[in-house]
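Below is one structure, written out as C-alpha cells, with a few remarks after it.
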Amino acid sequence: MKIRVSIATAGVLGLKKIKTNAKPTTLYFLLPGKCQGSCAYCNHKNGYLSRVKWPEFDIEDVVKRVQKSDAKRICIQCPYGEGYMKMLKNVVERMNEKPVSASISGVEREELKMIHEAGVERVGIGLDCATEKIFNKWKRGVPPWHKYMETLRNAKEIFGHATCHLIVGLGENDEEIINIMKKMKKMGIDVALFALFLKNKNEIELSRYRTIQISRHAIYNGNARFNFEEGKLKEMYVERIDRNAFMTSGCPYCNRPFYNERVTKIYNYPYSINEDEFEKSLEEARKYAEIFITYW
Ligand code: SF4
C-alpha cells in the first residue's frame, strides 16, 4: 500500500532531500486516492492540500522511518468518501507509536468510535467555513453543515477533545468568524486557524488575519470583548496577548510549516517567535483594528 507524505515530512523522514526553514514537529500524511468531495477552495485533485504537495511512498518504508523519528505526533489527513474511514483505521493500526490525530469530514458516530478504538487520539474536523451559508457556497459533494456540527459534538464526547478547522478568507465577516470561535469554545472544542491560499497566493490580508489570531487566542485564554460595525471588527478588549497567538493553532505539537503561506510572508508561525516578530505581528494587527489590553 502507498501513503502520501507531506513534502516537509518526507524531508524529515529522509524520503526526499529538501531544505526546510522549519522542521515539522508533527508528521503529516494523506491517505491515497481521490476525494469524493469537490470543495471549491481545495486543490486535492492536483496532488496538493493548500500549498503542500504530497508525494506517495510505500507504507512499509514510511512506518519504519516513523518509528525512528523524534516527531511528537502523527497527523493523517483523510479524504472524504466511501471506504476512507476503514482505510484510516488500518493505517492507524500500523502507525501508532506516537499520538495520532486524524483530519476528517462529517462522519458517523460509529466511524468515530471505530477509529478511536484503532488508536486515533484526537480528530480535527474540516468545517472550514464560519457560517452555514458560506459552507453551502464552497463545500460540495460532502455531508451538510449539520453533519459536521454533529461530528464535532460526537468527537468531543468520544475522544474527550476535538479541533475545528476554520479557514479565514472565504467571505465571512469578522463578527461571523469570531462568533463561530466563541461557539466552539462553549462546546469545549478547540479551533485551528488557516489562511485561505488560492491560486498561488493568500487571499486574506495579513493585518486582518493577525486580529483573528488574537481573537482566537483571547477567546480561549480569558475574557475578550469585541465591538463591530456592520460585521467589521473595530475594537477588541483582551486580557493578554502572548506570542502563542501568532503561532500555528491546533492539536498539541501541530506546526504545519508553511502549509498555507509562503516562507516570505508567514501567517501561522511554525516556530516559537522572538520579541521582534511578536511586536511586528501586533503592529500589523493594529493596522486593522483597535486593540486594548485590559483587566476585568
Ligand atoms: S490541528 Fe494539525 S495535527 Fe490536528 S488534525 Fe489539524 S492538521 Fe492534524
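Structure above, values below:
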{"read-out": "Elements of type strands (runs of 3 or more DSSP E) contained in the stretch 45-122, each with 2 or more residues being of a type outside the set (A, V, I, L, M, F, W, C) and within 16 Å of the ligand (Cβ to nearest atom)", "value": "73-77, 100-104"}
{"read-out": "Residues (within 12 Å of the ligand (Cβ to nearest atom), farther than 19 Å from Ser215 by Cβ and among the hydroxyl-bearing types (Ser, Thr, Tyr)) located in the stretch 225-269", "value": "Tyr253, Tyr259"}
{"read-out": "Test: residue in the stretch 197-214 that is within 16 Å of the ligand (Cβ to nearest atom) and not in a helix (DSSP H, G or I)", "value": "yes"}
{"read-out": "Extreme residue, surrounded by the most Cβ atoms within 10 Å (Cβ to Cβ), among residues of the stretch 219-233 that are among the aromatic types (Phe, Trp, Tyr) and part of a strand (DSSP E or B)", "value": "Phe226"}
{"read-out": "Enumeration of residues in the stretch 234-272 that are more than 19 Å from the chain's Cα centre (by Cα) and either in a loop (DSSP other than H, G, I, E, B) or over 21 Å from Gly222 (Cβ atoms) (or both)", "value": "Glu239, Arg240, Ile241, Asp242, Thr264"}
{"read-out": "Residue check for Phe57: in contact with a strand residue (DSSP E or B) (Cβ under 9 Å, 6 or more places away or on another chain), of a type in the set (Phe, Trp, Tyr) and more than 21 Å from Ser249 (Cα to Cα)", "value": "yes"}
{"read-out": "Tally, over the stretch 206-232, of residues that are touching a strand residue (DSSP E or B) at 6+ places or on another chain (Cβ under 6 Å), of a type in the set (A, V, I, L, M) and in contact (Cβ under 8 Å) with a residue 40 or more places away in the chain", "value": "1"}
{"read-out": "Selection within the stretch 123-142 - in a helix (DSSP H, G or I) and either charged (D, E, K, R) or in contact with a helix residue (DSSP H, G or I) (Cβ under 6 Å, 6 or more places away or on another chain) (or both)", "value": "Glu132, Lys133, Phe135, Lys137"}
{"read-out": "Any hit, the stretch 162-180, residues being buried (at least 22 other Cβ atoms within 10 Å of the Cβ), part of a strand (DSSP E or B) and acidic (Asp, Glu)", "value": "no"}
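Since every read-out is calculated from the coordinates, none of them should be taken as a lab result. These numbers were taken from a predicted model, which means no experiment stands behind them. Don't worry about glycine lacking a Cβ; one is built from the backbone with ideal geometry, like all the others, and counts go over all protein chains shown.
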